[in-house]
């Protein structure tokens, strides 16, 4: 019989509905794959075998009772460890929350489970999502399944790696400045950051509240579209006042012809000095694939994009300082023992509970919001935000989506990037999209010559047109699949078929 | 220390108030669905949102926004169509997120005013030369309101082991998060108040207004309405502000007045002796009738305020504001004027009844039962009802009718009210059963009058010589002779008639 890593989400749900295999069998195969592969990948902080088997048993019972199954029935899914799920710890990969048990379940997690998905565990990440390589996790690193001496990207590195290694079919990540799209590109999977407000943030530990957005990883555009259907089902979440209704079917138009659609490119960006030749070649490949399908390539400009990183590193840390103020060792989380005063306890709990990057961002934020400084930085950053949002709006007058690199290079080796500002600069192509609040998706387009590392392009779209964005992403995927560059759904070769046999 | 009136001849006091009011009549907290209650077991009305658990998000309580808009409309504020919630950061365990969600430079309600009518003894605090007073010495003081903004209350901390629940010397501190996230509106006045009496009246008027709106139980004692007073003084004729001090722990109207009075006199004494007033927060000690330093503010706290990204900017539609406007009931001033104009009530009675919505409702019910005895009902409501526990409007109407017909005296009315309090008995019936009804039979009374006049020849002579006051003694004699059953007013009338003959 098949290996679990060869099946798409749709095939798993259909197979369970048809009785080809049970949800419990899928769960067991998944746990087996994780068991065998996890040593090499280290994508998980916690594997919730009991929860997975329990959920799978429920799915099987529903089927036995003749009840209708959800569209993701039995599909194994992993969650970034900043998302609450009752029965699991939510650590944010931080000592601060090392033993923190979830007290409620995040809306995004709940909706995946409502659609029938089997929750298999919590994935590694940069501490509190601060980082682009998952190296700032307080617990361990996560390896890129395509080359375990390389980083999986971040901050949702565990979620991307788990999917790329075939440990799970789907996973959720969160993207504040590229934290879904960049690891997706590093790991050769599809990763969507939906429009801000499309997916509820309730129950996701906040980093930058005005930038954070939850989205899915999958090995194909269709799997990501199925996950999106689950995430927006049920409409606007009344527990998140920034969430909005998005009543669209992400799957329905996926196979529609892309002919006549217009995709924008920014010529100056394509010539960006930091861009590797291979990444540039990947962009060319995607462009050719789109043109072959009758997509019109138009030139657009985002004149203020150069200011995006500066604005982001004002807004992000400011919000992070504020959001992380609650970790004071009083009610939950790490509490320094033996302190004589409250001030000492708060100071030492924070000093010892947070890692270096978390402290750096909070101190930056505390400075940026201080009286006298605020006007100099925060306010202009908001003005830049308005300008960038307008730039995008103007650009989308003449195109349906914009194609960009996802990251300047493919995945780097551990320790290769140690200067934080160099790490920050790698977010250049993803950050502006969070600033504007629009959707963006990373699509694999092949492998780098020599290293064999995945190459990807990023597509960005107007606000709340994420379903159209996925249609363009599917066109890229379809076009690439026609060449010998990349096969959608591919699991990293070192892990494919290891454990996970459906008994 | 000099007396207030003396100080205020040379010095002008500049007073501003910050008034926090909990919206106690709402069912749920500001940003979550937890029940609002002061009475429940500690930490039972809590959830991830008000406990500031990671991942929780705030959702604004629409009814709280309605309440603050109504408060703004009732205090003549401009309602801002667009405003934001801000985060105000400080590390303290009473604020679970370590920031308070409040409003920034633009509040829901901006630039309002309330006009105070200052009369009687209180009006004397303000020297005549500084304000236009009418013949009775009363004046009107227009007080501008800077803003009313929406925020959430902090948790309640209880310090154990120290004195009077204070943190000093306490061995441990307990936190009750039931109060955390309670919707709170903060009203800030411009520094327009000039005397402790004006400050007291402003607070009282505000309380009456909010009670009438039904947005809070406005209990100063229980802390659902709290007031901080800022006060500085300056030489009469100068315009620059002096250094201000802030008064905390004010839990009654009297405390507000007395704390400000003390502080004005203290500052005057410091300055007159060549000293310096420090900008500091002071604590009012009612038992010792003085303020003491709580903490010295050397630098302004940096709260790192910025717009809360979890809460979208508010766009209040015209329809929303209009619907709030329609829900603003008749306010105390308008009600008072109506009572004066349509019922002919005395202005002081009218404003006392109009000031408390429960009393006003009671009064308006009572006058439907006895429309002819309106002023008497007002009199009874103002003077007798406050001492009772459970009299009904119908009982008050019935009693007032007896009074209006001169069937009983005011002293008897008090007695009857005590008898029917808490029962369903009709005062008319009680009066009849107990034979309390006073005789209005002129013939019977005339006989008594004749008897008294015949006996008290000295007083009759005094009257005829011009001492008209002596009639009071004669009425007393008549009452005695009739063993209290005669109507004193009628006796008075009959006596005067006879004496003028």
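A few comments on the model shown:
- Any hit, region B:254-261, residues being under 23 Å from the mean Cα position of the chain (by Cα), more than 30 Å from residue B:62 (Cβ to Cβ), assigned by TED's automatic domain parsing to the domain that holds residue B:10 and surrounded by fewer than 16 Cβ atoms within 10 Å (Cβ to Cβ): yes
- Among the residues of this structure, residue A:367 does not count as one that is assigned to a helix (DSSP H, G or I) and buried (at least 18 other Cβ atoms within 10 Å of the Cβ).
- All positions within region A:107-126 that are within 14 Å of chain B (Cβ to nearest Cβ) and in a helix (DSSP H, G or I): A:107, A:108, A:109, A:110
- Per the listing B:313, B:286, the residue uniquely under 30 Å from residue B:259 (Cβ atoms) and either surrounded by fewer than 16 Cβ atoms within 10 Å (Cβ to Cβ) or over 27 Å from the mean Cα position of the chain (by Cα) (or both) is B:286.
- Some residue of region A:222-232 being part of a loop (DSSP other than H, G, I, E, B) and in contact (Cβ under 8 Å) with a residue 40 or more places away in the chain: no
- Counting residues in region B:67-85 that are surrounded by fewer than 24 Cβ atoms within 10 Å (Cβ to Cβ), outside any loop (DSSP other than H, G, I, E, B), within 12 Å of chain A (Cβ to nearest Cβ) and on the phi < 0 side of the Ramachandran plot gives zero.
- All conditions but one from (1) buried (at least 16 other Cβ atoms within 10 Å of the Cβ); (2) within 13 Å of another protein chain (Cβ to nearest Cβ); (3) not in a helix (DSSP H, G or I) apply to residue A:350; the one that does not is (3).
- Positions within region A:190-227 being on the phi > 0 side of the Ramachandran plot and crowded, with 24+ Cβ neighbours inside 10 Å, in sequence order: A:203
- Region B:12-52 - residue that is within 11 Å of another protein chain (Cβ to nearest Cβ) and in contact (Cβ under 8 Å) with a residue 24 or more places away in the chain and, of those, surrounded by the fewest Cβ atoms within 10 Å (Cβ to Cβ): B:43
- Residue in region B:318-334 that is surrounded by 15 or more Cβ atoms within 10 Å (Cβ to Cβ) and closer than 30 Å to residue A:206 by Cβ present: yes
- Within the set B:373, B:407, B:397, B:413, the sole residue that is over 20 Å from the mean Cα position of the chain (by Cα) and either surrounded by fewer than 17 Cβ atoms within 10 Å (Cβ to Cβ) or not in a helix (DSSP H, G or I) (or both) turns out to be B:407.
- When region A:101-112 is limited to residues that are in contact with a strand residue (DSSP E or B) (Cβ under 6 Å, 6 or more places away or on another chain) and crowded, with 21+ Cβ neighbours inside 10 Å, the one that is farthest from residue A:239 (Cα to Cα) turns out to be A:112.
- Listed by position, the helices (runs of 4 or more DSSP H) inside region A:396-503 whose residues that are modelled with pLDDT under 90 and within 18 Å of the chain's Cα centre (by Cα) number at least 2 are A:420-425.
- In region B:153-175, the residues that are in the same structural domain as residue B:95 (by TED's automatic domain parsing) form Cβ pairs under 9 Å with partners that are modelled with pLDDT under 70 and assigned to a loop (DSSP other than H, G, I, E, B), at six or more places apart or across chains, as follows: B:159/B:166.
- Only one entry in A:169, A:134 is free of Cβ contacts under 8 Å to residues at least 60 places away in the same chain and either within 16 Å of the chain's Cα centre (by Cα) or on the phi > 0 side of the Ramachandran plot (or both), namely A:134.
- One residue from B:445, B:494 being at pLDDT below 85, outside any loop (DSSP other than H, G, I, E, B) and over 16 Å from residue B:380 (Cβ atoms): B:445
- Test: residue in region B:457-475 that is assigned to a loop (DSSP other than H, G, I, E, B) and either in contact with a helix residue (DSSP H, G or I) (Cβ under 7 Å, 6 or more places away or on another chain) or touching a residue at least 60 places away in the same chain (Cβ under 8 Å) (or both): no
- Region A:334-347, subset more than 8 Å from chain B (Cβ to nearest Cβ) and surrounded by 15 or more Cβ atoms within 10 Å (Cβ to Cβ), residue nearest to the chain's Cα centre (by Cα): A:334
- Extreme residue, farthest from residue A:349 (Cα to Cα), among residues of region A:318-330 that are more than 7 Å from chain B (Cβ to nearest Cβ) and surrounded by fewer than 24 Cβ atoms within 10 Å (Cβ to Cβ): A:321
- Unmet criterion (only one of (1) within 12 Å of chain B (Cβ to nearest Cβ); (2) within 18 Å of the chain's Cα centre (by Cα); (3) over 18 Å from residue A:191 (Cβ atoms)) for residue A:104: (2)
- In region A:157-182, residue nearest to residue A:34 (Cα to Cα) [restricted to those that are out of contact with any strand residue (DSSP E or B) (no Cβ under 7 Å at 6 or more places or on another chain) and assigned to a helix (DSSP H, G or I)]: A:164
- Among the residues of region B:244-283, just one is at pLDDT below 90 and in contact with a helix residue (DSSP H, G or I) (Cβ under 6 Å, 6 or more places away or on another chain), namely B:250.
- Unmet criterion (only one of (1) within 14 Å of chain A (Cβ to nearest Cβ); (2) within 26 Å of residue B:249 (Cβ to Cβ); (3) surrounded by fewer than 23 Cβ atoms within 10 Å (Cβ to Cβ)) for residue B:116: (1)
- Test for residue B:315: is it within 14 Å of chain A (Cβ to nearest Cβ) and in contact with a strand residue (DSSP E or B) (Cβ under 6 Å, 6 or more places away or on another chain): yes
- Test: residue in region B:88-99 that is part of a loop (DSSP other than H, G, I, E, B), within 11 Å of chain A (Cβ to nearest Cβ), modelled with pLDDT under 95 and surrounded by 21 or more Cβ atoms within 10 Å (Cβ to Cβ): yes
- Conditions (1) loosely packed, with under 13 Cβ neighbours inside 10 Å; (2) touching a strand residue (DSSP E or B) at 6+ places or on another chain (Cβ under 8 Å): number failed by residue B:466: (2)
The values are calculated or read from the model by the stated rules, or taken from the named source; none is laboratory data. In this text the structure is predicted, and so the values were computed from the model without any measurement. Cβ: placed from backbone, ideal geometry, glycine included. Neighbour counts: every protein chain shown.
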